[in-house]
Each structure stands twice: as structure tokens, then as C-alpha cells.
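Student: Next up is a structure, given as C-alpha cells.
The values are calculated or read from the model by the stated rules, or taken from the named source; none is laboratory data. Fair warning: this is a prediction, and the values are worked out from it, not measured in the lab. Heads up, the Cβs are rebuilt from the backbone with ideal geometry, glycines too, and the neighbour counts pull from every protein chain shown. Heads up: the accessible areas ignore ligands, DNA and RNA and are worked out on the full protein's heavy atoms, side chains in. Shrake-Rupley method; radii C 1.70, N 1.55, O 1.52, S 1.80 Å.
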There are 2 protein chains.
Amino acid sequence: MNRKAIRELPYKIILEEHELPKNWYNMRADMPGKVAPLLDPETMEPVTTEALQKVFCTETAAQEMDEENRLIPIPEDVRHFYKMYRPSPLIHAEYLEKLLDTPAKIFYKFEGNNTSGSHKLNSAIAQAYYAKQQGLKGVTTETGAGQWGTALAMACAFYGLDCRVFMVKCSYEQKPFRREVMRTYGAEVIPSPSDTTMVGRKILREYPGTPGSLGCAVSEAVEAAMQQEKYRYVLGSVLNQVVLHQSIIGLETKAALEKYGITPDVIIGCAGGGSNLGGLIAPFAGEMLRGEKSYRLIAVEPDACPSLTRGKFVYDYCDTGRICPLAKMYTLGNGFMPSAIHSGGLRYHGMNPIVSQLYADQILEAVAVSQKEVFQAATTFARVEGILPAPESSHAICIAIREALRCKRENRAETIVFGLTGTGYFDMLSYGKYNAGHLADAPLSAQDLEKSFHTLPEKFR
Amino acid sequence: MNRKAIRELPYKIILEEHELPKNWYNMRADMPGKVAPLLDPETMEPVTTEALQKVFCTETAAQEMDEENRLIPIPEDVRHFYKMYRPSPLIHAEYLEKLLDTPAKIFYKFEGNNTSGSHKLNSAIAQAYYAKQQGLKGVTTETGAGQWGTALAMACAFYGLDCRVFMVKCSYEQKPFRREVMRTYGAEVIPSPSDTTMVGRKILREYPGTPGSLGCAVSEAVEAAMQQEKYRYVLGSVLNQVVLHQSIIGLETKAALEKYGITPDVIIGCAGGGSNLGGLIAPFAGEMLRGEKSYRLIAVEPDACPSLTRGKFVYDYCDTGRICPLAKMYTLGNGFMPSAIHSGGLRYHGMNPIVSQLYADQILEAVAVSQKEVFQAATTFARVEGILPAPESSHAICIAIREALRCKRENRAETIVFGLTGTGYFDMLSYGKYNAGHLADAPLSAQDLEKSFHTLPEKFR
């Protein structure tokens, strides 16, 4: 890219509000082979939109199934809400470049400037809007680290919807402040497993004293939504509708880069369920799918939960309780129990089906990194760029730094863009352990992986 | 103001980076009666710049004394750092207006979009810059709620300066996460009172088990700076140099309003030591001082620590240990111990001398509010405007709401601007108490006030 042009760049590229995208972008419309459909857990046949609409909101269920429409209009009301915190800044990491002494140019799209602290609000407000439009009374969901629960609580407060959040019990106890943020926004927060659902009571009977898991909390939230009239279940990642809503991240990133005539070479995102990554890479992957351009797109996952790099691309249940549909995705097995790594948002056994397909089709690369390298990158970044990143987001920083150092070795002035999905204010327990030198690496062992694959549905193992 | 114009306003007015002010504004140059000078605690004579420079950085000590220069250039390096998070947005609170059903227009200047979570970084980076320029090795300071300590830790990490923070012991224990943020930025955090200073050891001997106080932490930080070569003491509020640096808030606010042809009627800020308030009102007060315009400027303080509304305008020590200079200010007495209200940043016994003089000269109004009304306002605001405000900042929200409701009663379309100084992510213990209905009001009693006045220097009582 033009070095002179870079000089004239602002430190933060912030699009104007009227430049906020008017449509979400649906990658599936450009994918040559379609994404494998969800399967009904009872019949093992492809689910119908009607069946999905019993669990999800009518409109988002339709979005979940939509493989035809490239552009889905963002409702004006949602777009107006987005203006509270969007367009989000694309920041030129010039202090990090200087520290690394690299010829690479580094930019990051920062999604943490809102109270949920992450990109999660992008989909939460859309899902709450559709729930309100449909005349629902409330929604249920689960949350692990708490960013999704917070985002949904904010969105529901805005639309006057009830919001019931099943929070993984160990997080509920370890993160009382996250819990209180949700309560401040009027949400009901229930530690999971709870005695408020059948599946919760069953798990409590079988495993008294269990700290809970995300898979179990999903099962409880779905059951709670189906038991109550005018309630639906909403989800913060994994689903295609969520990747659709999150495409706003990539669309803004692309528009901001184009405004200054910058073409990225490498685009990097952290990957848990795939919502942020899928959203960030969407328009770039679209160009690759249409054969227009070529980029290196890189997913970064923890080596403790390496669904892309070590999982199988097969049909698996989205939840541990096996009451949700099955998706064809890279998965470690629905019974996978990740070790206690400090990136709660990346501890999911599977990966969004679109992202999975892009990886299978080699549009997307993936790499797994260790916890300690991630915190080292996070601390380095915080000290020069000011922002205290969430551990999840720091997976992307870690690989951005590696790529920038590669550019230095190879003396190449590539342009690296990464997604900084959120802030780490509620992760100081982990930072504290790192600061005290007590943070250990915990890569997934071959035995544990093999054991976990046994939880895959028998016919897909 | 023009209703049509408002329609065309963006939701957030964000100045462009090149519109970032090039100078800070020094109100003292426009004040007809000058601000009373600081007194040397040993001689009770006005301090000299030379004496101040033993404690403070050379350049900031000069700024502390400067009554002549209206505009002080912002060093280019500091201005570049500001671009990490500035210009900060001026947000049109249209959802709050709608909720209150008021003809008033409400805007707020949001300073929380940086890792320190508040406006404190504006002065921290300036003070760290001057320390670095001077060739210092490090700085010391104190922190209560932790926002200032975090901001200074960030600034010192950026310039490679040592940073030693004396954190009030009860906060150190109650806010372990704040502590870890500072450590992540490389700061040394010491619970105060500590055995690392003479004054700390003395207090520990006299009051074993004391939870500490801000006044004591100030004394320790000053002593620590003076004991070590190439160290100086820096402070996050109360001083005139800090109000000078914080004038960036008001200057941006004014520029943003003028860009859209908006003239404010009422400008509201929360007041602890006066740094945010002084900075926000600076250019508006300047116009009033020069007789050019008229506004209602309102300081909002907690009724548990009402230095402006119930204090005396006399000379008092800036610290409890009585080793710092005396300032003529509204004060409750340097030995004042506020009850345990949840706005740690507003629990200071005195008020910045410039702000004090403006209040004495009736340029500024002041009002004290109760803790419960503050949290009620905070929660209302969070649910419609999305941002979770710090309890300190919520004092301003509280009066903005009252003023908007007054406009409704009087059917007046006034324009209200308030400063939203920071976010409440580290205040969830207090929000939790409020959510659970356990938050009590604790206005300062007449007896406690009288008792505290006895700690004023004898000749000024």
C-alpha cells in the first residue's frame, strides 16, 4: 500500500453514521456448495423453518434458513440503535507497529466500545427487535463469560422485553459483577443447572454439585422458552443468523479500508462459536467466493478448545443436552469439557456451519494458540495501544503479532487487519493470575480429544 | 434551538481528529479577581514555583501557577496520544428525552471510552509526558476508586516511566480487579497506609487496622516522591493544572455544539475534586467571565460530601497528613471522613480553587443529591441510553433528569448538556446493593459537619 497515504490516515477511521451499512451480508448466497442444513434431533431429517420457529423468533428462523438472499435489510430501528455505538472505529495500530519494528501495517476493528463490552450487541439488538415485532413477551438464553447475556439484557431493556438468562453456575459465582450488570438492565439471572427446568433438575440429580456447562445452560434455556407462552430462545453465536448480523463488522471494516484505498492482505479473528470471525471476514470471504479477490483469512482458537484445527467436520448436536438441532460443523464432540482456560467465550465444542464450510473449502486458515502466549500478547498490546483486551480477542492479537514479525523477517509491507472483539474489564481474575505468574498452559491432550469424540452422535463419529 | 436542525444531527457528534483542540484553556487568565495562591504549609506564605517544582514536575508546577496565559499549547505528542480515544463523542440523548417526554434537548459528553474508564487519562498522559520530558525515572500518586491510578498506569506504561500507586487500603481489598488493571499496565500498587513511608508507619502505629483514606494516601505518595531521586508526585484532581488539562472536555463540547449551531442553556457536571467539572465548564465559564454569554453552570455533589453547598470557603490543607500546600477552597475540613457512599471519586474534603472561586462569584451553581436518587438515575439512563454510568457520573445524570422534568413542567425547550465522566464496570458491588434494595442514603449530619470543621487550620476556621 501507499506509504504516503498511510501518513494522512487518521489514527482511528470512524465512518460517519450515514455510512453505516443498510444491509447485512449473507455469505451463503455466494457459496458454491450450500451449507449443510440443520437436522431435527428427533427425525434426523433436515429441519423445516416451521419447526425452527417454535424455538426461535419467526424472522430469525427464516434468516437461519435463508441461502438465497445476499443482502438482508437492517431494520431502520436496529440501524438507529446501532448508532449508539457504531460505526465502530478501525484503528491504525501505529504504536504496536513501532514496538514490533515491522514494515507491516496493522489495523484493528474495535467492537468493545459499548456496555456489553463486545460485538455481541450487534446480534442481541437484532434478535430483540424481531422478538418485539412478533409480539413476544420475553426471551431466554444462556451465557458463559457473560458478554452475550449482558448484550441481550441491554437489548431487552431497550425494547421492554423480559429476559431470562441461564448463567453457567461457576461463572455465576465467580463473576458476580457480570451478573449485576445484567440485573441492572432488568434481566433475571439464574445459575445453571437450576431446578427451574426438567433438564436442569435431571442434571442436578445425576451430578450434584456440578459447576454447570454452556451445553447444559443451552438446554435449560431452550426448555424454558418452549414451556412459556410468547417466549422464544435466542442465541449469541454458532447460528447462521448470528453470523449474518455480525457481518456489520466486516462491512464497516471493508468500507473504512476502501475509504482510504487500503487493501488488506491478512484478516484475523478469534474463533469460539464463530460469530465474530464469521462477521469480520464475511465480505472478504464473499469476494473470494465470487473469485474477485484473494486474502489470507485466519481463525485463531485456543489450543485447549481447538474445534477447527483438531475437530471433525461432521453432524453434531449444538448442545450437551441433545435437545437442539444438529449442525454439520467442526466439532470436538457435544460432550467436550474444555479445561479451565480463561477465555470463556471460546470454550464451545463446535463451530458455526458457514465458518466450518469455509474452512473445509480452504477459504479460511486456522491456528491454535496457547493461553500464555495469548496473555503475553494481550499485555503487550494493552501497554502500547491503551485498550485492555478481552482474553478472547487477544487470540487475534497474538496471531497479528506473529504475522507482523513474519513480515519483518521477510521484509514485506503487508497490511494486517484483526478484530478486537471486546474489553477485558471483567477478566481481571485471569490477568491477575498471569501477572502473578500462575497461569498455566493447558492444551487439549490426544486422550481427552479421543474421549470427547465418543460423545459425537454414533452415526457421525 | 432549531428543531429541524436537531433532526439532522447525528446521534453522536464526533469531531474529526484534526478538529481536536490544539491548546488547553486556562480560565484564570479571564478571571477578574485572581485565584488565591497556594500557601506553603511551613511558612503559610504563598508558595513559589521553585518550591512546587520539588514536588511536582517542572512544567506542571509552572502551569499550576500560571494566571496569565489563556491558551497553553497541548504538546504534539500528547495530542497524538489523545487521538487514541478523542475527540470523545457528544451524544444526543434522544432515548432519554423520549422516556422523560420532555421538550428539552439533552446532550452528554462521554469520557468513558478508554481503558481508564474516565476523563482521568486526559491529565494523566499530560503529566506523564512532562515527567518523561524532564528525564524523570518515575512518578508516585494515590488512588481511591482507582480510575486515576489506572489512567496514570496507562500513561506511564506508554512512556516507560515507573509508576507507584498508593491505593487506599479498603479499596485495595474491595477492588482487586482495579488493582490488577494497574498491574497489567506495569504499575506497583501499594495498599495505604503502608510501612514504606514514615507517615504511613506513623498512621499504622496510631491507628492499627485502619482502612486508610485518600488524605493519608496523598501524604504517603508525596513523601515517597520526595525520598527518591528523579521521582515526582502527580495528582488526578483538585489542582489547577489538572483543570487546565481537562479543559479539553469543554473545548470539544463547545466545538461540537457550535458545529451544529446549538447553544446550551444548562451545563451540568459532577464534582469531587473539581477536575471534570472545571474542564467541562471551562470555555463556557470563560465566555461568562468575559461578559460575552450567559449559561447556567451546575455542579452536582453527593449530600454525603457536600463541599460546595455546605463547606467553608477558606484556606485548608489538601491532604490529611498536612504535608501538602494549603489552598483556598470550599472545604469540609481536611480531617473530614465521608460516610461510605459508593462514589469513591467524589469523597474528597475540598474543591479545586478555580471552581471554588467561580462558585463564590456566582458563575457556578451547586446542588447536592442523595445516593439513592443517583442510582435510580443511573439505572434509568443505562436502560435507555445503553451506557452503564459510573456512580460519580450519575450525579450529573440525576440533575440533568431533574432539569429536563422542570423544562417539561414549564414547557421550555431548553438545551441541557451534561458530562458523563465514566463507566461503572468496576462499581457493580454498589449496583448490586442498589438492585437488592440495600443501598441507604447517608447525608452528612450537622454534627459531623461541625466536628469536621474543627480539623480546619486554626486561623481559618
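Student: Return the residue satisfying two criteria in turn: it lies in the stretch B:143-168 and is modelled with pLDDT under 95 and of a type outside the set (A, V, I, L, M, F, W, C), and of such residues it is surrounded by the most Cβ atoms within 10 Å (Cβ to Cβ).
Tutor: B:Thr143
Student: Does B:Lys408 satisfy being under 24 Å from B:Asp265 (Cβ atoms) and of a type in the set (Lys, Arg)?
Tutor: yes
Student: Can you find a residue that is modelled with pLDDT under 95 and under 22 Å from B:Ser393 (Cα atoms) anywhere in the stretch B:251-269?
Tutor: Checking the stretch B:251-269: not a single residue is modelled with pLDDT under 95 and under 22 Å from B:Ser393 (Cα atoms).
Listed here are the residues, each with its yes/no results for (1) part of a helix (DSSP H, G or I); (2) within 18 Å of A:Glu94 (Cβ to Cβ); (3) away from every other protein chain (no Cβ under 14 Å); (4) over 21 Å from the mean Cα position of the chain (by Cα).
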site: A:Tyr359; (1), (2), (3), (4): yes, no, yes, no
site: A:Thr380; (1), (2), (3), (4): yes, yes, no, yes
site: A:Ser394; (1), (2), (3), (4): yes, no, no, no
site: A:Ile399; (1), (2), (3), (4): yes, no, yes, no
site: A:Arg406; (1), (2), (3), (4): yes, no, yes, yes
site: A:Tyr425; (1), (2), (3), (4): no, no, no, no
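Student: Another question, if that's okay. Touching a Gly at 6+ places or on another chain (Cβ under 9 Å) and open to solvent by less than 10 Å² (accessible area, probe 1.4 Å): does that describe A:Gly335?
Tutor: For A:Gly335, the condition - touching a Gly at 6+ places or on another chain (Cβ under 9 Å) and open to solvent by less than 10 Å² (accessible area, probe 1.4 Å) - is not met.
Student: A further question follows. Give me a count of the residues in the stretch A:430-447 that are crowded, with 16+ Cβ neighbours inside 10 Å and away from chain B (no Cβ under 14 Å).
Tutor: The total comes to 3.
Student: So, one more: Which residues, counting only those in the stretch A:319-333, are within 30 Å of A:Leu439 (Cα to Cα) and within 18 Å of the chain's Cα centre (by Cα)?
Tutor: A:Asp319, A:Tyr330, A:Thr331, A:Leu332
Student: Looking at (1) within 30 Å of A:Arg79 (Cα to Cα); (2) open to solvent by 40 Å² or more (accessible area, probe 1.4 Å), which one does A:Glu252 not meet, given that it meets all the others?
Tutor: Just one mismatch for A:Glu252, condition (2).
Student: Moving on. Go through B:Ser339, B:Ser294, B:Ser247 for me and flag whichever is assigned to a helix (DSSP H, G or I) and among the hydroxyl-bearing types (Ser, Thr, Tyr).
Tutor: Matching residue, one of B:Ser339, B:Ser294, B:Ser247: B:Ser247.
Student: Do the conditions hold for A:Gln127, that is, is it over 21 Å from the mean Cα position of the chain (by Cα), within 30 Å of A:Gln228 (Cα to Cα) and in contact (Cβ under 8 Å) with a residue 24 or more places away in the chain?
Tutor: Criteria not met by A:Gln127.
Student: Provide a single number: the residues in the stretch A:14-50 that are open to solvent by less than 10 Å² (accessible area, probe 1.4 Å) and assigned to a strand (DSSP E or B).
Tutor: Number of matching residues: 1.
Student: In the stretch B:98-125, which residues are over 27 Å from B:Cys57 (Cβ atoms), part of a helix (DSSP H, G or I) and away from every other protein chain (no Cβ under 14 Å)?
Tutor: B:Leu100
Student: Being of a type in the set (Gly, Ala, Ser), within 22 Å of A:Pro75 (Cα to Cα) and in contact with a strand residue (DSSP E or B) (Cβ under 7 Å, 6 or more places away or on another chain) is the filter here, so list the residues in the stretch A:107-127 that pass it.
Tutor: Scanning the stretch A:107-127 gives a single hit, A:Ser118.
Student: Where in the stretch B:126-194 are there strands (runs of 3 or more DSSP E), lying wholly inside it, with at least 2 residues that are in contact with a helix residue (DSSP H, G or I) (Cβ under 8 Å, 6 or more places away or on another chain), within 14 Å of chain A (Cβ to nearest Cβ) and under 26 Å from B:Gly321 (Cα atoms)?
Tutor: Ranges flagged: B:162-168.
Student: Here are B:Ile106, B:Ile125: which of them is surrounded by 24 or more Cβ atoms within 10 Å (Cβ to Cβ), closer than 30 Å to B:Ile401 by Cβ and of a type in the set (Val, Ile, Thr)?
Tutor: B:Ile106
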